[in-house]
Each structure stands twice: as C-alpha cells, then as structure tokens.
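> Here's a structure for you.
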Amino acid sequence: MKKGLTLLLCILVWISTLAMDGSIARAASNVFKDIPSNHRAYKEISYLAQGKIVSGDTKGYFKPKNNVTRAEFAAMLGRALGFDGTKQKTSFRDVGAGNFASGYIQQATKQKIISGYPDGTFRPNGLITRGEVATMICRAFGYSTNNTSAGSAKALVSLGISSETTANFGTASRATREASAVFIVRAINYTYRTKQHISFSSQRIVKVDSLNIRTGPSTLYNKVGTLKNNEKVSLGYRVGSWALIKGSSGVIGFVHESYLSSSSETVAPPANNTGNTSLSSQTIVIDPGHGGTDPGAVGFGLKEKDVVLDTGKRLKSLFSKTPFNIKMTRETDVFVTLQGRVAFAKNAKANTFISIHTNAGGGTGSETYYYGKAANPNVTASMKLAQFIQARLTSALSTTNRGEKHGDLHVLRENTMPAVLVELAFIDTKADNAKLASPSYRQKAAQAIYYGTLDYYKYKGFNVAKYY
Ligand SMILES: [Zn+2]
C-alpha cells in the first residue's frame, strides 16, 4: 500500500533559447474528408493522425467543430504520451472497465494528470472545457502552474501553445476537436508553437549502437537522423517516455529515453565497473514498508508489514554471498517514517533503493513503481531497475504483470539514487494472498528481486555473472 502521494509542480527553466530549424515540423499526408490542405489546422491534425493520436470517423471525417468529451480528451492525451490504452478497471465509479478510454483514464489518474470530481466520478461523457484542457496538458507535460485552470491557461499562452488570451479559457467555453488537437500538437512538438524558444539544457549519452531520431514521439513518425553509441545529445523536454533531443550535428527530434543515459551517468560510461572491488562499493538499501503501529494493508489475517519484512530479510540473506553492501531501513517490527527511510538511504550513501510492499484494493498481480518525472535525474536508471525486477517477479510468482510504472511516492520522489517500490501482490485478493502467506513464495519473491537487481547491475556494466 502506497502513501505520501502528492502533486508535483514541475518547473521549467529557460536557460538558453534556440531558434527552430523546422526539421521536425513535417506532417504526413493523412487527410480527412473535411480537413482540406488549406484548412487552418491541416498540418496539426495530420501530424497527430500520423501518430494515431487522433482518428476520424468510419467515413473518414474528422469533424473539427465537434465538442470533445472528457473521456475522448483523456484518450487523445494518453495516446500522445504513449500510454498503453488496454481497457481496465478505473478509480472512478462512472468509468467501467468497458469504457473505450478506461485504460487511458486510469493511467492518467495514476500519473496525477486527472483527478475527477470530489464525489468520485470522472463524468466521462461531459464535454471538456478549455480550462480543463489547459490543466490536463500542463500536468501531462509538467508545466509550472499554480494548480488552477487560470494558471494553466497562462502557462499555455506563455509557452506559445495557445495564441489566445487567458480569458478564452473560462469554465463555460468548450474545446472543439480542432482546438484540442492544436493544443496537443503544440505541447508535443515545439515547432508548431507560436513561440519556439526551447532550452536544450541537460546532457545525455546515447546507450545503443544506432538510435533513430524521429519527427514525433513514437515509431509511427518519420526518421530524421540516427545517433551513434556514446554520442552526446542535449535534452529539451519529454513527451511520455520520449525525449526531444538535439544531437551534436544540430539535428533535433524525438528518441525513446530508455536509450539515453540518465544524467548521473553522463560522464563515465560504466566500462571500468568490473570485478568485486566495484561491487563492494555499491550500497543497496532494502526498505520493508510499514511496521510497528502501522500494519500496512491486511487481508485474510495476513499483515503487509510482516510479509514485507520477511521478504526483505530473505533478500538481504541472498545478497550476503555477494560483495554488495546491504542495509535495511528496518529489520524488526518497528515503525519508520517515510522521511526516516529516505534519510536512512541518503546517510548510507546508497546507490540503489528497493522498497518492498504488498498491494491492496481488490486487484491481482505484481507491479513495480519508479519516479518518472523530469525533475528526477535518476529516471532512466530507476525505470530500468523496475523493469528488471518486474520481469523477474511476475515470472517467479506467476502473477499478472501489471507493469512497471511511474509513481509519485515519497520514498521514490525524495530519494537521490535510483529507487523502486515493489508491490509483490494483492494481500486482499485470495489467490495473491495465498502466495504472500507462503514462505516458499516469499523466498521466490526475494530471489526475483535479487536476480532483477543483478540484471540491473549487469546492464550498468558490472560483472555480476557468478552471483546468479
Ligand atoms: Zn504498503
């Protein structure tokens, strides 16, 4: 069970300005019957159509003047961010798993892009207002606002995403499909904005042999160049898991961020990280959640705090035959605050932080969280660690793979090293609970986290082969 969810306020810093070169503005020739090439949003709508972010009706019409429902906009935004749109249960009582946008709505909820109404509804069929559009775009792209729709409108105007005045974002004004498309395309691709000053401020290194640069944030977009292994690039901003980068040749476009170094690894590629000496320099903090007066989630008489402590101790014991330096935030049934856990890891100068929890809420399966927002320099490393652990865990426990995902959780957000939070399984779901209650499954879980961590260190270039 997770705690400490708070809203993140991203701050965009404009360090330098750079003129556009127009190379990523090219739109495809996808046309809708009612969007002729002289339509004022022809280029924008075609660009989104190429990425399958918008589509027309079965007869090939886009219907630019139609209003947009809240569900339709969530789906549009979710596709822009590359969310997996698989339909699923949502947090809202009026959005069932059968709703066409349920997957996008749930992912956007998890990432704090949408929050719904105080009565627990999302009102998916309500027509979205321009103010709501502005708020959702700002949250999705991490623009600085004061958490009001007026502040969001101001952000869009100042970034050149809207060319209107903020007065046009009143609560009663509905967003058309055409206007929604223009806002989204400008958020994705700065060359469509009315102001095209982008700062490419932080450095990254390409980590694969040949990395395609594309005109948009998905493989559906055209290739405009290729980057070589170890080539340096500068990061502009992110669209979901994709990054707008500028290569050393000056080419600008989108690449998937998982193929770039995290900012903390830009200087030294991990070539010399071999042998036991360097493994012994690595401190891993194991963080069993809850404890003492805080039982965590409880299901069928089983307490989360006990399951995760036992699993954490098993994990420590597995690491005892390696040179890694292992520390635990708690080794007994005591309560530790979230702040205390983070302080512990920082004091230990931890290189890796692994928090262990069990899930609750009636679902099933395993999932692993990492902090995926731009403000954190360890996003890529944390994501890789989450991927490796998640793959091992679902295979070892034969649980449903709920994926690795961004979570705005205190122990992930506030830590200063790659950090993940593993939700082993659902303690309040019978089949999952039976596994959590079983010592042999807890051993399997510990082994899975152990192997996943070795996989991660192997990926980082460490020699861990003999510890499998
Ligand atoms: Zn928990």
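The values are calculated or read from the model by the stated rules, or taken from the named source; none is laboratory data. This is a predicted model, so every value here is computed, not measured. When we count neighbours, we look across all protein chains shown, and the Cβ atoms used for this are built from the backbone with ideal geometry, even at glycine. SASA here: full protein model, heavy atoms, side chains in, ligands and nucleic acids out. Shrake-Rupley method; radii C 1.70, N 1.55, O 1.52, S 1.80 Å.
> Out of all the residues in the stretch 313-322, which are touching a strand residue (DSSP E or B) at 6+ places or on another chain (Cβ under 8 Å) and either open to solvent by 70 Å² or more (accessible area, probe 1.4 Å) or among the charged types (D, E, K, R) (or both)? Full working, then the answer.
Residues of the stretch 313-322 that are touching a strand residue (DSSP E or B) at 6+ places or on another chain (Cβ under 8 Å), as a first pass: 313, 315-316, 319-320.
Answer for the stretch 313-322, where residues must be touching a strand residue (DSSP E or B) at 6+ places or on another chain (Cβ under 8 Å) and either open to solvent by 70 Å² or more (accessible area, probe 1.4 Å) or among the charged types (D, E, K, R) (or both): Lys313, Lys316, Ser320.
> If you take the residues in the stretch 161-175 that are within 21 Å of Asn66 (Cβ to Cβ) and assigned to a helix (DSSP H, G or I), which one is modelled with the lowest pLDDT?
Asn168
> Among the residues of the stretch 304-312, is there at least one that is touching a helix residue (DSSP H, G or I) at 6+ places or on another chain (Cβ under 8 Å), within 16 Å of the ligand (Cβ to nearest atom), assigned to a helix (DSSP H, G or I) and open to solvent by 40 Å² or more (accessible area, probe 1.4 Å)?
Yes: the stretch 304-312 contains one or more residues that are touching a helix residue (DSSP H, G or I) at 6+ places or on another chain (Cβ under 8 Å), within 16 Å of the ligand (Cβ to nearest atom), assigned to a helix (DSSP H, G or I) and open to solvent by 40 Å² or more (accessible area, probe 1.4 Å).
> If I filter the stretch 185-194 for residues that are free of Cβ contacts under 8 Å to residues at least 60 places away in the same chain, closer than 28 Å to Gly250 by Cα and part of a loop (DSSP other than H, G, I, E, B), do I get at least one hit?
Start the filter on the stretch 185-194 by keeping residues that are free of Cβ contacts under 8 Å to residues at least 60 places away in the same chain, which leaves 193-194.
Applying the additional criterion that residues be closer than 28 Å to Gly250 by Cα yields 193-194.
Of the ones still in play, those that are also part of a loop (DSSP other than H, G, I, E, B) are 193-194.
Taking every residue of the stretch 185-194 in turn, at least one turns out to be free of Cβ contacts under 8 Å to residues at least 60 places away in the same chain, closer than 28 Å to Gly250 by Cα and part of a loop (DSSP other than H, G, I, E, B).
> Could I ask something else about it? Inspect all residues belonging to the stretch 422-430 and state whether any of them is outside any helix (DSSP H, G or I) and away from the ligand (no atom under 16 Å from the Cβ).
no
> Could we say that Thr274 is under 25 Å from Gln447 (Cβ atoms), out of contact with any His (no Cβ under 8 Å at 6 or more places or on another chain) and at pLDDT below 95 here?
Numbers: under 25 Å from Gln447 (Cβ atoms): yes; out of contact with any His (no Cβ under 8 Å at 6 or more places or on another chain): yes; at pLDDT below 95: yes.
Answer is yes for this residue.
> How about the stretch 52-69: which of its residues are out of contact with any Phe, Trp or Tyr (no Cβ under 7 Å at 6 or more places or on another chain) and open to solvent by 20 Å² or more (accessible area, probe 1.4 Å)?
Lys52, Ser55, Asp57, Thr58, Lys59, Lys63, Lys65, Asn66, Asn67, Thr69
> Follow-up. Inspect all residues belonging to the stretch 326-349 and state whether any of them is away from the ligand (no atom under 15 Å from the Cβ), in contact with a Leu (Cβ under 7 Å, 6 or more places away or on another chain) and hydroxyl-bearing (Ser, Thr, Tyr).
No, the stretch 326-349 contains no residue that is away from the ligand (no atom under 15 Å from the Cβ), in contact with a Leu (Cβ under 7 Å, 6 or more places away or on another chain) and hydroxyl-bearing (Ser, Thr, Tyr).
> Being assigned to a loop (DSSP other than H, G, I, E, B) and either surrounded by fewer than 23 Cβ atoms within 10 Å (Cβ to Cβ) or of a type in the set (S, T, N, Q) (or both): is that true of Thr135 here?
So Thr135 does not fit the description; no.
> Of all residues in the stretch 358-397, how many are more than 24 Å from Lys458 (Cα to Cα) and out of contact with any Leu (no Cβ under 6 Å at 6 or more places or on another chain)?
Total meeting the criteria: 9.
> Do we have any residue at all in the stretch 111-130 that's open to solvent by 10 Å² or more (accessible area, probe 1.4 Å) and in a helix (DSSP H, G or I)?
Yes: the stretch 111-130 contains one or more residues that are open to solvent by 10 Å² or more (accessible area, probe 1.4 Å) and in a helix (DSSP H, G or I).
> In addition: Hey, could you check the stretch 283-303 for residues that are under 23 Å from Ser440 (Cβ atoms) and more than 16 Å from the ligand (Cβ to nearest atom) and say which is most open to solvent (accessible area, probe 1.4 Å)?
Going through the qualifying residues, I end up with Phe300.
> Another one. Which condition number in (1) at pLDDT 65 or above; (2) within 26 Å of the chain's Cα centre (by Cα); (3) of a type outside the set (A, V, I, L, M) is the one that Cys10 fails?
(1)
> Further, regarding this structure: So which pairs qualify, if the first residue must be in the stretch 36-51 and among the small types (Gly, Ala, Ser), the second must be not in a loop (DSSP other than H, G, I, E, B), the Cβ gap must be under 7 Å, and the two must be at least 6 apart or on different chains?
Every condition considered, the pairs that remain are Ala41/Glu178; Ala41/Ala181; Ala41/Val182.
> Suppose we filter Gly361, Gly372 for residues that are at positive phi and in a loop (DSSP other than H, G, I, E, B); which single one remains?
So the residue among Gly361, Gly372 that is at positive phi and in a loop (DSSP other than H, G, I, E, B) is Gly361.
> Filtering the stretch 176-217 down to residues that are within 22 Å of Val54 (Cα to Cα) and open to solvent by 30 Å² or more (accessible area, probe 1.4 Å), which residue is modelled with the lowest pLDDT?
Thr194
> Scan Ser158, Ser152 and give me the residue that is surrounded by fewer than 16 Cβ atoms within 10 Å (Cβ to Cβ) and outside any loop (DSSP other than H, G, I, E, B).
Ser158
> Turning to a different aspect of this structure: Here's a check for you: in the stretch 229-246, which residue that is out of contact with any Phe, Trp or Tyr (no Cβ under 6 Å at 6 or more places or on another chain) and of a type in the set (Lys, Arg) is surrounded by the fewest Cβ atoms within 10 Å (Cβ to Cβ)?
Lys232
> Just one of Phe462, Phe388 is part of a loop (DSSP other than H, G, I, E, B) and among the hydrophobic types (A, V, I, L, M, F, W, C); which is it?
Numbers: Phe388 fails: part of a loop (DSSP other than H, G, I, E, B).
One residue alone meets the criteria, Phe462.
> Is there a residue being within 23 Å of Lys89 (Cα to Cα), in contact (Cβ under 8 Å) with a residue 40 or more places away in the chain and within 15 Å of the ligand (Cβ to nearest atom) anywhere in the stretch 414-421?
Yes; the residues of the stretch 414-421 include at least one that is within 23 Å of Lys89 (Cα to Cα), in contact (Cβ under 8 Å) with a residue 40 or more places away in the chain and within 15 Å of the ligand (Cβ to nearest atom).
> Can you tell me how many residues within the stretch 411-433 are of a type outside the set (Val, Ile, Thr), in contact with a helix residue (DSSP H, G or I) (Cβ under 8 Å, 6 or more places away or on another chain) and open to solvent by 30 Å² or more (accessible area, probe 1.4 Å)?
1
> Ala396 versus (1) without any contact (Cβ under 8 Å) to a residue 60 or more places away in the chain; (2) of a type outside the set (Phe, Trp, Tyr); (3) closer than 21 Å to Ala297 by Cα: which is the lone unmet condition?
Only one criterion in (1) without any contact (Cβ under 8 Å) to a residue 60 or more places away in the chain; (2) of a type outside the set (Phe, Trp, Tyr); (3) closer than 21 Å to Ala297 by Cα is unmet by Ala396, namely (3).
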